[in-house]
Amino acid sequence: MAITTDHIRTTLHSYVEEHPEEKPGLAIALELLDAGADLASRKEFRGHATAGAILVGPDGRVLHIHHLATGKWLLPGGHLESADTNLMEAARRELAEETGILAEAVTPASSIPIHIDIHPIDANDAKAEPDHQHVDFRFLFRTGAEVGRLQTEEVIDAAWRDLDSISDVHLRCRIAQVLR
């Protein structure tokens, strides 16, 4: 069964219960849900959910991918698909697709996201997409596996980087707390 709006709402509420100080920053996602937006649909251009993976190796370094379309080093992740059953598994699927690391080779730290980030996405005329918001549900995973075959349509390289390479200070602190 595909990810539902109820699952997204429940995940948001579980996250806010653990991090109540972040509720104001997530208000737009909660308001969209209350307005009937289907955040599981990529066609919902007021904003839609994406799933991201923060993969930590045994040495504490974090896997980054060099994204072809943006030309930037990012954490693995992407849009939800109709076969996804929950947000954490969508993040694990995206990780496997982009890095070639088998889903069975990664262990989630929690079923609750380590971070939820809402950020603007520019319009993409080639895809006929207006500017919109991504509500990125980021899950922390651990692995001892090495990078496999990259999804070359989207990813041109992968590298394990030190935690301090994550520019989002808030996310970096969250990861450090889990790794203690």
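The values are calculated or read from the model by the stated rules, or taken from the named source; none is laboratory data. These numbers come from a predicted model, not from an experiment. Here the Cβ is made from the backbone with ideal geometry for all residues, glycine too, and neighbour counts use every protein chain on show. Heavy atoms of the whole protein, side chains included, go into the accessibility calculation; ligands, DNA and RNA do not. Shrake-Rupley method; radii C 1.70, N 1.55, O 1.52, S 1.80 Å.
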Only residues that are over 15 Å from V135 (Cβ atoms) and in a strand (DSSP E or B): list them for segment 73-90, please. W73, L74
If only one of L39, L12 is touching a residue at least 24 places away in the same chain (Cβ under 8 Å), touching a His at 6+ places or on another chain (Cβ under 8 Å) and open to solvent by less than 60 Å² (accessible area, probe 1.4 Å), which one is it? L39
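One line per residue, one yes/no per condition, for (1) in a loop (DSSP other than H, G, I, E, B); (2) hydrophobic (A, V, I, L, M, F, W, C); (3) within 15 Å of the chain's Cα centre (by Cα):
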{"position": "P113", "(1), (2), (3)": "yes, no, yes"}
{"position": "P120", "(1), (2), (3)": "no, no, yes"}
{"position": "D136", "(1), (2), (3)": "no, no, yes"}
{"position": "L140", "(1), (2), (3)": "no, yes, yes"}
{"position": "A145", "(1), (2), (3)": "yes, yes, no"}
{"position": "R149", "(1), (2), (3)": "yes, no, no"}
{"position": "I156", "(1), (2), (3)": "no, yes, no"}
{"position": "A159", "(1), (2), (3)": "no, yes, no"}
{"position": "R172", "(1), (2), (3)": "no, no, yes"}
Breaking point among (1) more than 22 Å from A37 (Cβ to Cβ); (2) loosely packed, with under 12 Cβ neighbours inside 10 Å, for D131: (1)
Testing V106 on (1) open to solvent by 40 Å² or more (accessible area, probe 1.4 Å); (2) in contact with a strand residue (DSSP E or B) (Cβ under 8 Å, 6 or more places away or on another chain), one condition comes back false. Which one is that? (1)
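Suppose the filter is at positive phi and either of a type outside the set (K, R) or touching a residue at least 12 places away in the same chain (Cβ under 8 Å) (or both); does G25 pass it?
Numbers: at positive phi: no; either of a type outside the set (K, R) or touching a residue at least 12 places away in the same chain (Cβ under 8 Å) (or both): yes.
So G25 fails the test.
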Specify the residue that is farthest from I3 (Cα to Cα); the eligible residues are those in segment 70-96 that are in contact (Cβ under 8 Å) with a residue 24 or more places away in the chain and surrounded by fewer than 18 Cβ atoms within 10 Å (Cβ to Cβ). W73
